[in-house]
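K.L.:
My questions will all concern the structure given below.
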Amino acid sequence: MLNGFINIDKPSGISSYSVIRELKPYLGNSKLGFIGTLDPMASGVLPISIGFANRLSGEVNSDKKEYIAKGIFGTETDTYDSEGKVTGKANFDHIHQKDLEGILDFFMGENLQQAPIYSALKVKGRRMYDLARKGIDFEPKNRKVELFSAEVIDFDLPFYQIKILCGKGFYVRSLIHDIGKKLNSLSHMVGLRRTLSGPFSIESSVSIENAQNKLDKDLLKDLIIPAQDILNGFKIVNIDDFGVKKILTGTSIKLNMNYKENDKLAFLDGSNNLIAIGLLIDGMGVPKKVMKNV
């Protein structure tokens, strides 16, 4: 059973699910997923999970994400990006680069951010974009987000580009919208590229076409990132065949290792394949998630 990640550089104009459809014919019956969806207009890092790795998305350290966002002053849209309907216009001639650089500090750290009404967040059990499309009035959802850094990398009115490092759940288009308001104008996002998602960087990503070419030549080994290489803070436990059988049935095994209580464990078989993750409890390796169909 295949198990691991392929770091894809998604092009703009297609959905994250389309990437899976493009790769699926080359990966047989393996279950595919992705970590951190990208909207169709966005490009960049989209980690594709394969097999057992699909169950590890919550364990992968993706708390920090880096984006390069392009905004335009003078107009706002109902989606906060260029795919929406224009809902307002405003002057922007008074804005200078130093003004944009100066107000970025206002958004740094932890803040409550209002999500775009056209987003997948739920209000009373219903997706906000479903409510918005049906014209149903509702109070947009706010959530706590974190912005670690932000810098202006291009300024050519009415356009500008910023590079940000943020926590998960951050809406970049909301930031672009809020920047316009803060500078007594309006703004919406016209481009977005993710350059980092946790341990996955744009430098280590491959295009869909390159991935397909390698898969067509049976060069999966050149693409796949072993799941254990991505797990942050896990202790590696190599086990023999007898231990593998026990772990795969959900049975704890005795460990003679100098690890701490409740340390996170990654269990590898004799071929260095990840077969389970778990915890060290009272000197026992306790499996919590186990690979199936082995």
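What follows is calculated from the coordinates using simple rules that are stated; it is not laboratory data. Computed from a predicted structure; not experimentally measured. So basically every Cβ, Gly included, is an ideal-geometry build from the backbone, and we count neighbours across all protein chains shown.
K.L.:
Just one of [x] 6, 25, 36, 24, 7, 2, 0, 0; [y] 6, 24, 27, 22, 14, 6, 1, 0; [z] 6, 29, 37, 22, 6, 0 is P(r) over Cα pairs in 10 Å bins from 0, in percent as worked out from the coordinates here. Which one is it?
P.N.:
[y]
K.L.:
What's the extension gain from Asn232 to Gln97 if we count 0.36 nm per residue and subtract their Cα-Cα distance?
P.N.:
Separation in residues times 0.36 nm, less the Cα-Cα distance, equals 44.7 nm.
K.L.:
Within 14 Å, Cβ to Cβ, of Glu203, how many net charges do the neighbouring residues add up to if Lys/Arg are +1 and Asp/Glu are -1?
P.N.:
Combined, the nearby Lys, Arg, Asp and Glu give 0.
K.L.:
Springs between alpha-carbon atoms under 10 Å, Gaussian network over the chain: tell me which of Met257, Met108, Met41 tops the mean-square fluctuations.
P.N.:
Met257
K.L.:
Considering the dipole of the stretch 162-217 built from charges on the beta carbon (Lys and Arg +1, Asp and Glu -1) around the Cα centre, which of Leu215, Ser197, Gly180 is farthest to its positive end?
P.N.:
Of the candidates, Gly180 comes out farthest on the positive side.
K.L.:
Sticking with this one: Could you please report the charge total around Leu23, scoring K, R as +1 and D, E as -1 over all other residues with beta-carbon less than 14 angstrom from its beta-carbon?
P.N.:
Taking every other residue near Leu23 into account, the sum is +1.
K.L.:
So which residue, out of Ser16, Ser252, Ser271, gets the largest mean-square fluctuation from a GNM of the chain using Cα contacts under 10 Å as springs?
P.N.:
Result for the chain, Cα springs under 10 Å: Ser271 fluctuates most.
K.L.:
So, one more: Could you work out the relative contact order of the chain, using alpha carbon pairs under 8 angstrom and six or more residues apart, expressed as a whole percent?
P.N.:
22 percent
K.L.:
What FRET efficiency, computed as 1/(1 + (r/R0)^6) with R0 = 35 Å and r the Cβ-Cβ distance, is obtained for Asp156 and Gln114, rounded to the nearest 0.05?
P.N.:
Computed FRET efficiency for Asp156 and Gln114 comes out at 0.80.
K.L.:
Separate question: Rounded, prolate or oblate: pick one for the stretch 142-209, where a ≥ b ≥ c are the square roots of the eigenvalues of its C-alpha gyration tensor, a/c under 1.5 means rounded, and failing that, prolate if a/b is larger than b/c, else oblate.
P.N.:
In terms of gyration-tensor shape, oblate.
K.L.:
Once you order the gyration tensor axes a ≥ b ≥ c over the Cα atoms, which shape class does the stretch 176-294 get: rounded for a/c under 1.5, otherwise prolate or oblate by comparing a/b with b/c?
P.N.:
Oblate, since a/c reaches 1.5 and b/c is not below a/b.
K.L.:
What is the distance in Å between the Cα centres of the stretch 239-267 and the stretch 210-229?
P.N.:
Computed from Cα coordinates, the inter-centre distance equals 29 Å.
K.L.:
Please identify every one of the GluC sites (Glu not before Pro) in the stretch 32-128 that sits in a loop by DSSP and has no more than 16 other beta carbons within 10 Å of its own beta carbon.
P.N.:
Passing sites in the stretch 32-128 are Glu83.
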